[in-house]
Every structure is written in structure tokens, then in C-alpha cells.
Amino acid sequence: MSKMRYSRRSILKSGAAVAAASALPAPMIWAQEIKNITLRQFGTGVSNLNEVGQKVKEELGFTLEMTALDSDSVTQRAATQPDSFDIADIEYWICKKVWPTGNLQAMDTTKIKNYDKIVGIFKDGKLTPESVVAQGTAPNTVGFVEGPGSTAFAKEQTQWMTLIPTIYNADTLGIRPDLIGRPIESWAELLNPEFKGKASILDISSIGIMDMAMVCEASGKIKYGDKGNMTRAEIDQTIAIFTEAKKAGQFRAFWKSFDESVNLMASGEVVIQSMWSPAVTAVKSRGIPCVFQPLKEGYRAWGGGLGLSKSLTGMQLDAAYEYINWYLSGWVGAFLMRQGYYSAVPATSKDFMTPNEWGYWFEGKPAAEDIADPFGKVMAKAGESRDGGSFYERMGHVACWNSVMDENQYMVRKWNEFIAS
Amino acid sequence: MAVSRNLQGWLLAAPLTAVLAGFLVLPILTIFIVSFWQATEFSIIPAFSLENYQFLLTSPVTYQVFFKTFVYAALVWGLTLGIGFTVAYYLAFHIRSEATRMVLFLLCTIPFLTSNIIRMISWIPFLGRNGLANQALMSLGIVDAPVEWLLYSDFSVVLAFVHLNTLFMITPIFNTMMRIDRSLVEAARDNGASGRQILTHVIIPLSKPGIMIGTIFVLALVMGDFITVRFMSGSQSANVGRLISNDIALLQYPSASATSIVLLAVVLLIIGALMRFVNIRKEL
């Protein structure tokens, strides 16, 4: 059992103190040291929230320092500076890139209390027993390694997990229903000449190429072996189709940051574009209609998790496990689900949400009363229901996961050509 | 005595030399060295390889992007020179009162009280499809539908560049013009020169050092920029700076270094060529 089980608070809680005193020679010394522990976490802005840091201080007693970076910088730091962090909050495709450097250590699943309740997507890859694993870097394909020191991914579930899943979501196109005025059902609409000069795609090559692939496949122009791992010929064809569209003036702009996508949509410069769920929410919160449109070809999904630096040992490592167990115990999950993401252990988050919130965010039911985000801002009025429906409805229609391809460098070069063309 | 004066000279120059060596020469040397290294997706490997340069110099994208960079630089240079010269001329020769002149000059610098990113971004809502410019044009009946090329186009990129960089032209030209001996203008006028002749035979030749300094500022700023191009073109066009920033984002430091070295060489060549026309130091 971990020494960290006996946090100062629990020790002060009457009976536990006796047990602690007998189990540990000097519990109060540990209690003091816990306060001195600082874990340095870095990751993308999505889950690096100060609220989480504060809650950790309150509930676990140690300090969690968070740094938010963009995904390229995150990859870079995880790959090159293992001593600069204790916990890496990274996406699964980043894990595929970074894990071989040996800078992260595998986690013992027997120490993860809610391991059994983690959604199947992150274990055997299947949401429900009938599900088919989607293309791309599906989390289960990079979720496990054979042993503690292994740098190669395991094909099956093992006792050693690379990342503990934290949040994930299914992305699709965002649209302005008021400016389009008709139903949009397919990814192919992004290149519809009807939206000439009013479309946009994101300028982050690894994600943008997937959205492109969804479009090309939907319009029947290309049939991919695996959209998440294209051949050079497939990359060439995909980029050629989009270069042609770009030259024809299909795109108003490309966006690289969250804010840019919100502004493009809110100002009406763009009526259809690749988008992220919270960006749609941000547009809506300005009173402008915006829909995160479910499309018949399915979603492009992404997922992130917490990885431990290989330099974590002893007390620090125990604290990190403590933190991860707390992360999965529900409070954070509920916090994130109220922003439209999903928690890896939805079952525990349910206790931290009202039935109305749970119904709206997870079950896809119409809101019984107004839905507010964790900061109190109204996200949906009573009677509205979530775009795309329930958790199973959305995560069950994932066509492809964000990924990193074998031909990544070639793809990046082609992407640069596309931007420069 | 001579030795100690020599020593004194060295000592006086030492602090600046140290600063420049540490913060300019050393980093550039590092970039130069790294440009021969190799990189995988997540690490860089010390090596001596010409692959980065080979790829750079054989890729059509490089030429396209350099061409675009030159086009931006040339357009911006022409426009800032035209505006900068006119403004400086007006301030130096038309305004008679010293106080008014200083007030007007300070007016020119007011936009610089905010960050240049903010000044640039503020164009976006102004020029947008539903922005102020289009609303004004439509309500005046000049156009029926919003003008699309105002934003996210080469037009908006050049506009922002000119807005950001004109002061760098005004200041040095104004400065040299203020040193022009007014009796030269009077002498020209007494000898029967027309206004145009005074401008082309007296003022422009004597303002050359200022023009040259402004040119160097503007060229260096425009050719090294990436953020203006990214924001104002809506990421749709690329100059060399964006190529470098993309490489950095993708951890391709060696390739970014190689591009930087080529860019540096090109800019130095241009400035070197310009220096042959005008001796700046003589005029400072």
C-alpha cells in the first residue's frame, strides 16, 4: 500500500490515525512532507485548469503546478526535456511519438482504483462489445506496454498503461445554421462551391489532414486504406484536391488557435469549418447560432491522458498515483463534462453532476432547466439538447482518431506546399 | 602613450563587443551549426549533413515562398518610402514652427504606444465581411455586396505591413532632412531651379542616407516577419518566416536553421548591395 494513502486530512479524521500510526512509524513526518511535494504538470490548455490545481491542494495537500502549451510544444518538451516535468498531459497520438524516447514510465494498473470502470475505448478499444475500432491512432493501440521499462506498445491490455485517460471527445464540422439555411449531413459539404469563400479548415497539419481525408472520402474522391496512416499517394491526392479548392477560393482563412476559429465563425467570415466542441460553445455563448453538426460519415475523435515522467520516484511517484486516482474519482470528470468533454470514468462523475446535467451532457436528453458551465455561464437553455446526442451516439460513431502517420514528415512537407500554394 | 590609448580604446569597446558576441554572434553561429544537423520527429542529431540545404534549394516551395517574401518586401518598401518621404518632407520643409513640427512628429508615433500585434489585429474586424469598411461602402452605395478581398488577402497583408512599418521610414528620412542646410535650397532657387528640380537635385540626393536606413529597417522587418502574414492572410499565404515557424513548431530545428541561414544571407546580400550606393556612415 502506498504511503500516500495517509494524507494529513485523513489522519486527522479520528480512527484512521490509529491505523496510520500502527502502519507507519512516523505518520506526521509524512504529512509534513506531503505539503512540500510539488508535481509539475504540463499539457495543452484543454485540461490544464487552475481549478484542478486548487482542488488538489485542498483535497490531497500537495501542490500541482500547471503549464499550458500548444500541442507542438508539448510534444517537444515531452520528447526532449524529461526532467522539466513530472506529469505530462498529452494526447494519444503525441504518446505514439514520444513514448519511444523512453522519457515516460508505464503505470501499474493494479494501483489504479477505478481501472475497471475506465471506458472500453481505452482498454480493448471497444466502446461496446459490438464496436469496431476506428482508424487512426486509437487510444488502445498505444495505451499499453509489455513491462515497466518497455518502449514498444503492447497489442493487448497489460498491467502497464502508458497514459491514464483523462478526457476525450468527438469532433466534427461546425456550421452557422442561420447563414446556411439548409441541413448539412456530410463532410463533403466543406468543399461545396456553395460555400465558396466561406469555408475554413484548421492549419495544424496532423489534425487538418484527417479532416481533409474525411471530406475526400465522403465526396467519394478517395478510398483510404487507413485515414490515420496514409500512403504517400493518398497524401498527394488529398492535398491535390484541397490545393485545387484553395486556388478556386473555397477557403476564407485557415485557423491555428481556438480563438481564431471562434472569431471566424462569430463574425460570419466563415459558415462551415473544422471546429472543436468548446469553440462552438463559445460562439453560442455570444448569442450567435452555431451547431456542432453530426455528420453521417462519423466523427474524428481525440483523447488525452496523463503520463508520468521517468524521473518520478519514491514519494513523488506515490503522490502522482494519488493524484491520478483522485483524477478518476469523479470531481475533475464532472468539471470537464460540464464543458462538453467526456471523462474516462463517466460512472464516478455522475455523482458530481446533477441529474439534469448528466442527462444533457451524457445521455443526450433535452435539458430540464438551463445548463451552466463550471464557471456559471449558461451553455444551453431548458429544452435544448446536445448536438449529436448521447455519449454512445457520439463516441459510437467515431470514424477516425487523431493520429501520427508513418509518412508524417512527408505529409508535413506536402502540408507546407498546400499552405504556400 | 600610444599603447595605453590603444588599450583604452579596446577597453571602451569591450562591453559592447561582449554583448554582441554573446547575444548576436554566438546565437547565429549556433544556428549555422545546427543547420547541418539532422532531425527525426522528436530529436535532433548532431551531424554534418547538407541534406537540409539540399532539400531547401531543390524544393519548389522554397522558391515560391521566397518570391512571395520579395513581393511583400518590394510592395511594402515602395509604399512606406512614398508615404514616409512625403510625411518627412512635409514636416521638415513645410512646417515652419519648431514646436508644431515636434507635435506633429509625436503624433506619428502615437500608434506605437500599443503593441504592434494589437494594431495589426484591430484591422481584422474593420476589414471583415461584415466589418466597418464594408458597412461604410455599402451604405454609401459604392458596392452592393461586401468586398471580400479586403481581408485575408495580399491586400490586407501589405496594408498591415505598411501601417506597422511606415514610421521606420519617416524617422530616419525626417532626421536627415532636418540636417540639410537650408541655404542649399535657397541657392538652388536663386539659380533658377524649379520646385521639382530642387526636390530631385538637392533634397533627394541629400536624404539618401535616411532613405537607406529606413529601407534597411523596413526590409529586415518585412522579410523576417511571420505573424503579420499569418494573421492578415488568414494563414493562406506563406513567406519565409512562416516556413521557419512551421519547422520550429514541428521540431525540425535543423531545417528551420538552414532556412534562417539562407534568409539571413539573402537579406545581408541585399543590404550589402544597397550600402554600395550610399555611404551611411558618412552621414550619421
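The values are calculated or read from the model by the stated rules, or taken from the named source; none is laboratory data. Because the structure is a prediction, the values reported are computed rather than measured. All Cβ positions, glycine included, derive from the backbone under ideal geometry; neighbour counts span all protein chains shown. Heads up: the accessible areas ignore ligands, DNA and RNA and are worked out on the full protein's heavy atoms, side chains in. Shrake-Rupley method; radii C 1.70, N 1.55, O 1.52, S 1.80 Å.
Which residues, taken from the range B:234-275, are more than 7 Å from every other protein chain (Cβ to nearest Cβ) and not in a helix (DSSP H, G or I)?
Of everything in the range B:234-275, those that are more than 7 Å from every other protein chain (Cβ to nearest Cβ) and not in a helix (DSSP H, G or I) turn out to be B:237, B:239, B:252.
May I ask you to list the residues in the range B:76-88 that are open to solvent by less than 60 Å² (accessible area, probe 1.4 Å) and touching a residue at least 24 places away in the same chain (Cβ under 8 Å)?
Those that are open to solvent by less than 60 Å² (accessible area, probe 1.4 Å) and touching a residue at least 24 places away in the same chain (Cβ under 8 Å): B:76, B:80, B:81, B:84, B:85, B:87, B:88.
Which one is nearest to residue A:92 (Cα to Cα) among residues in the range A:363-385 that are among the basic types (Lys, Arg) and surrounded by fewer than 16 Cβ atoms within 10 Å (Cβ to Cβ)?
Once the filter is applied, the top-ranked residue is A:377.
Look at residue A:326 and say whether it is surrounded by 16 or more Cβ atoms within 10 Å (Cβ to Cβ), farther than 30 Å from residue A:101 by Cα and away from chain B (no Cβ under 14 Å).
Judged against the criteria, residue A:326 is not a match.
Would you be able to say whether some residue in the range B:187-198 is within 14 Å of another protein chain (Cβ to nearest Cβ) and either surrounded by fewer than 17 Cβ atoms within 10 Å (Cβ to Cβ) or within 24 Å of the chain's Cα centre (by Cα) (or both)?
No, there is no match, as no residue in the range B:187-198 is within 14 Å of another protein chain (Cβ to nearest Cβ) and either surrounded by fewer than 17 Cβ atoms within 10 Å (Cβ to Cβ) or within 24 Å of the chain's Cα centre (by Cα) (or both).
Which condition number does residue A:117 fail, the rest of (1) surrounded by fewer than 23 Cβ atoms within 10 Å (Cβ to Cβ); (2) within 11 Å of chain B (Cβ to nearest Cβ) being met?
The one condition residue A:117 does not meet is (2).
Out of B:92, B:73, B:39, B:47, report the one residue that is away from chain A (no Cβ under 14 Å), more than 30 Å from the chain's Cα centre (by Cα) and open to solvent by less than 70 Å² (accessible area, probe 1.4 Å).
B:47
What's the total number of residues in the range A:406-418 that are aliphatic (A, V, I, L, M) and facing chain B (nearest Cβ under 8 Å)?
1
Listed residues A:390, A:343, A:421, A:403; which is within 14 Å of chain B (Cβ to nearest Cβ), within 20 Å of the chain's Cα centre (by Cα) and polar (S, T, N, Q)?
A:403 is the lone residue from the list that is within 14 Å of chain B (Cβ to nearest Cβ), within 20 Å of the chain's Cα centre (by Cα) and polar (S, T, N, Q).
Working only within the range A:246-285, note down all residues that are over 19 Å from residue B:149 (Cα atoms), assigned to a helix (DSSP H, G or I), within 13 Å of chain B (Cβ to nearest Cβ) and open to solvent by 30 Å² or more (accessible area, probe 1.4 Å).
A:259
Do the conditions hold for residue A:388, that is, is it touching a Pro at 6+ places or on another chain (Cβ under 6 Å) and open to solvent by less than 40 Å² (accessible area, probe 1.4 Å)?
Against the criterion (touching a Pro at 6+ places or on another chain (Cβ under 6 Å) and open to solvent by less than 40 Å² (accessible area, probe 1.4 Å)), residue A:388 qualifies.
Restricting to the range B:113-147, name every residue that is open to solvent by 70 Å² or more (accessible area, probe 1.4 Å) and either touching a residue at least 12 places away in the same chain (Cβ under 8 Å) or in contact with a helix residue (DSSP H, G or I) (Cβ under 9 Å, 6 or more places away or on another chain) (or both).
B:116, B:125, B:126, B:130, B:132, B:142, B:144, listed by residue number.
Per-residue answers, yes or no, for (1) modelled with pLDDT under 90; (2) touching a strand residue (DSSP E or B) at 6+ places or on another chain (Cβ under 8 Å); (3) assigned to a strand (DSSP E or B); (4) not aromatic (Phe, Trp, Tyr):
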| site | (1), (2), (3), (4) |
| --- | --- |
| A:39 | no, yes, yes, yes |
| A:52 | yes, yes, no, yes |
| A:79 | yes, no, no, yes |
| A:121 | no, yes, no, yes |
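Would you be able to say whether some residue in the range B:25-38 is of a type in the set (Ser, Thr, Tyr) and part of a helix (DSSP H, G or I)?
yes
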